[in-house]
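A short reminder: the numbers here are calculations on the coordinates, not readings from a lab. Treat the numbers as computed from the prediction; the structure is a model and nothing was measured. Quick reminder, even Gly has a Cβ in these numbers, built from the backbone with ideal geometry, and neighbours come from all protein chains shown.
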Amino acid sequence: MEYNLTANGEPFTVTVSPTEGDAASNTAEAEMTIAGNRYAVAATRVEGNHLHLKVNGRGMNVYVGEGEAGRTVMVNGLMIQVADAEDAARSPQGKRRAKRGPQEVTSPTPAVVTSVLVAAGDRVAEGQGVVVVTAMKMETTLTAPYGGVVTAMNTEAGANVNPGDILVEIERDADGNEGDADDDGQ
Amino acid sequence: MFKKILIANRGEIALRIMATCREMGIDTVAVYSEADSTAAHVLYADEAVCIGKPEPGDSYLNMDAIIDAAKGANAEAVHPGYGFLAENGEFADRCQEADLVFIGPPGTVIRNLGDKITARRIMERAGVPVMPGTTWTVRTGDNMDEVAAAADAIGYPVLVKASAGGGGKGIRIVHEPAALVDACMAASREAQTAFGDGAVYLEKFFETARHVEVQVLADTHGNVVHVLERECSIQRRHQKIIEESPSPAVTSELRDRMGEAAVAAARASGYVNAGTVEFLLAPDQSFYFLEVNTRLQVEHPVTEMITGLDLVRCQLDIAAGAQLPLTQKDIAGRGHAIECRIYAEDPENGFFPSPGRIEVLHEPSGPGIRNDCGVYAGAMVPVDYDPIISKLVVHAETRELAIRRMAKALREYVILGVKTPIPFLVDVMESPAFGAGDLSTGFIDTHFQDWRPSTGHRDIALIAWVMDAMLQKPAGRQAETESRMPTPWETLGRWQL
């Protein structure tokens, strides 16, 4: 069977042939292929979020928790977001990730608005500060993701805001490309 | 020695203080806000008193409530930890008036040193080298021409700093005259919110300087010693994230000179208890007084690791009136220690706080590893406070071995549910620049600007996702097993009387 997944926003197809599984003993084995690499995998769920994997004979511990759009996997000091590609595309974070960089003005964490720097009707340049928020006593300026005209200011100084709240609506300048910057990989 | 003390703080530092109290047979009283009723420090304490709403002003900064809690519980002393009321002279005075021992310096000393301008004057008189800067403060609405002239005289870049500051709040670097006014306003506003005092001042900013600080201990009998230095150059958001001792830049001759300056600073200010004299160390080995932190530092464990001292025990002994048990020649460091601060924050997004519920927590362990942790799996990191989770500290024979030990400990540290800088810190530990010890306060901007996580282990993460899905229990069974606690008889296994 095939899974279309994303790892940190990048798509991968994982071909899986389960060879053995035993829900009672919490173990499973499978052959997998990812981007041409073949893996023989044996897994044991040690407890809750903790899996022990043997990948081509090498043992390792991985931890799987809730993620932004799917699951967060922690392995060897790295935190990797893995999601079903369709789920990832449906979630706002996934959409944003896919377009590389934020496309809307929203606070990354629950915060309080300190000041509003622009008003409806103002023209803003890409990167221009539009709203200042404070969380845990740290001030952060949220910037315009693209140049355009502010069509609505949905917040005010003193307001409590949450991630996903669209604080400023900006009508994009017609000449700007749609933000589909090429994927530079790493 | 005290029989019972109150800890006027929360999180990892409250737990760290209580750990020493428990060893010493001192009962502990925790205070907590309504957001912290099941926080780790509340669960650990012998007694706990709710002191108000989540907003710090209503709880951890609420002097009346804290003093009432201490008196109500018959505590004899108050340990303020770091942050909150730790550097508030009025609180120290109020404790004393209420017949409670404040575990820290007297209120007047805190006030003198907390006011950076007064502190500068004290240091100048004591012959401690100070940074070029203004000896007056700026507030919003002041004449900005005068400020601009002062900045020109100091020479750009200049640092705008909150007079009542600490913790990286109320600080701006200004590279050109055009940005000066905005920076003063922003820093002043942040200082007003964080400390209730919007006064800021200007100081020379060195692009490549190191931040090196010296721990001091002073008893009530006039004895003062320094307990070696800590290098805290690696900072983000003007807040330290990696600290170590000894500093790779400090020779034994420089250590003696900085130590003597720190002792002179402590004597000149009438210091009592544990304190830290912060210096900026320039590339030419000249050093300048920055400020005195009149409290225990977040990074105190690196000093404990190399000296074998328990600084909290020292604080308690001094507060109880004991003489320092050692003289300067008794103090020596052994090996090398490094601390990484683990915050709930997003290293991919300017280290912005990432509060939330800790879903999974596995702390690293092993030889030479210490983790002062303030949370547990299932605990909340509330939005209301500084989002520190733990201080991960390692000790090894040499700096090189300490770096490897830290990288290993970080890779084995599992925190899910909130974002953490662990992947970033691993990359720093394994970088040639950190290994070379070539540190400065601009280290992250120079070497790790636009840092992105390594793409390694992606296949493993994908494999983990698939195997996790394959090993999901059927929904019905899972619900059944989770909904009912097994009785002791079921879990006891084989037994005999």
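General remarks:
- With contacts taken as Cα pairs under 8 Å and at least 6 residues apart, chain B reaches a relative contact order of 13 percent.
- Ranked by the mean number of other Cβ atoms within 10 Å of their residues, highest first, the peptides A:165-172, A:72-79, B:286-293 come out as A:72-79, B:286-293, A:165-172.
- Size of electric dipole in the range B:1-136: Cβ of Lys, Arg +1 and of Asp, Glu -1, about Cα centre, debye, nearest 20: 540 debye
- Helix B:63-72 and the longest principal axis of the C-alpha atoms of chain B enclose an angle of approximately 60°.
- Under the shape rule built on the C-alpha gyration tensor, where the axes satisfy a ≥ b ≥ c, the range B:194-264 is oblate, since a/c reaches at least 1.5 while a/b does not exceed b/c.
- In the range B:354-407, Cα pairs under 8 Å separated by at least six residues give a relative contact order of 36 percent.
- Length gained when the stretch A:E156-A:E10 is fully extended (0.36 nm per residue, less Cα-Cα span): 48.9 nm
- Within-13-Å neighbourhood charge of A:R38 [Cβ basis; K, R +1; D, E -1]: -2
- Amide H partners (placed H, <5 Å) of B:F279, local residues excluded: B:V212, B:E213, B:V214, B:L290
- Cα gyration tensor shape of the range B:232-288, rounded if a/c is under 1.5, else prolate or oblate by comparing a/b with b/c: oblate
- Compactness of the range B:1-134 as Cα Rg over 2.2 N^0.38 Å, two decimals: 1.15
- Loop sites here are trypsin sites (Lys or Arg not before Pro) outside DSSP states H, G, I, E and B with no more than 13 other Cβ atoms within 10 Å. The longest part of chain B free of them is B:4-333.
- Separation of the range A:1-27 and the range A:66-84, taken as the distance between their Cα centroids, equals 14 angstrom.
- Counting, for every residue in B:450-459, the Cβ atoms of other protein chains within 10 Å of its Cβ and taking the mean gives 6.
- Debye equation applied to the C-alpha atoms of the range B:58-102, log10 I(q)/I(0) at 0.30, 0.32 Å⁻¹: -1.25, -1.38
- In this structure, A:R58 and B:A332 have a Cβ-Cβ separation that, at R0 = 56 Å, corresponds to a calculated FRET efficiency of about 0.80.
- Rg/Rh for the range B:151-246, where both radii come from Cα atoms and Rh is the Kirkwood radius: 1.06
- Peptides B:429-442, B:372-385 ranked from most to least packed, by the mean per-residue count of other Cβ atoms within 10 Å: B:372-385, B:429-442.
- If only the Cβ of Lys and Arg carry +1 and only the Cβ of Asp and Glu carry -1, the dipole of the range B:226-288 around its Cα centre is close to 280 debye.
- Semi-axes of the equivalent ellipsoid of the protein assembly as shown are 43, 33, 25 Å, computed as sqrt(5λ) over the eigenvalues of the C-alpha gyration tensor in descending order.
- Here the mean projected area of the convex hull built on the C-alpha positions of the range B:175-326 is 10.3 nm².
- Other protein chain Cβ atoms within 10 Å, averaged over every residue that makes up A:61-74: 6
- Long-range Cα-Cα pairs in the range B:345-430 (distance over 22 Å), rounded percent: 26 percent
- Share of pairwise Cα-Cα distances greater than 18 Å in the range B:107-210 is 46 percent (whole percent).
- Report summary: the helix-based calculation at 222 nm, which adds -39500 (n - 2.57) for every DSSP H run with n ≥ 4 and divides by the residues of the protein assembly as shown, gives -8000 deg cm²/dmol.
- Degrees, to the nearest 10: B:116-125 long Cα axis against longest axis of chain B: 50 degrees
- When the charge dipole of the range B:298-450 is built from unit charges on Cβ atoms (+1 for Lys and Arg, -1 for Asp and Glu) and taken about the Cα centre, the candidate among B:H362, B:V426, B:N349 whose Cα reaches farthest toward its positive end is B:H362.
- Binning the C-alpha pair distances of the range B:42-119 at 5 Å intervals from 0 yields a P(r) profile of 3, 15, 24, 26, 17, 9, 4, 2, 0 %, listed from the shortest bin outward.
- The charge dipole of the range B:345-408, taken about the Cα centre with unit charges on the Cβ atoms of Lys, Arg (+1) and Asp, Glu (-1), comes to about 360 debye, rounded to the nearest 20.
- Inter-chain neighbour count for A:26-37: the average number of beta-carbon atoms from partner chains within 10 Å of each residue's beta-carbon is 3.
- Over chain B - Rg/Rh using Cα atoms and the Kirkwood inverse-distance radius: 0.98
- Between B:P301, B:V200, B:H238, the Cα set farthest toward the positive side of the dipole of the protein assembly as shown (charges on each charged residue's Cβ, about the Cα centre) is that of B:P301.
- Dipole orientation for the range B:1-142: of the candidates B:Y82, B:L15, B:P54, B:Y82 has the Cα lying most toward the positive pole (charges on Cβ; Lys, Arg +1; Asp, Glu -1).
- Computed from Cα positions, the angle between helix B:144-154 and the longest principal axis of chain B comes to roughly 90 degrees.
- Contact order normalised by residue count of the range B:213-325, Cα under 8 Å, 6+ apart, percent: 31 percent
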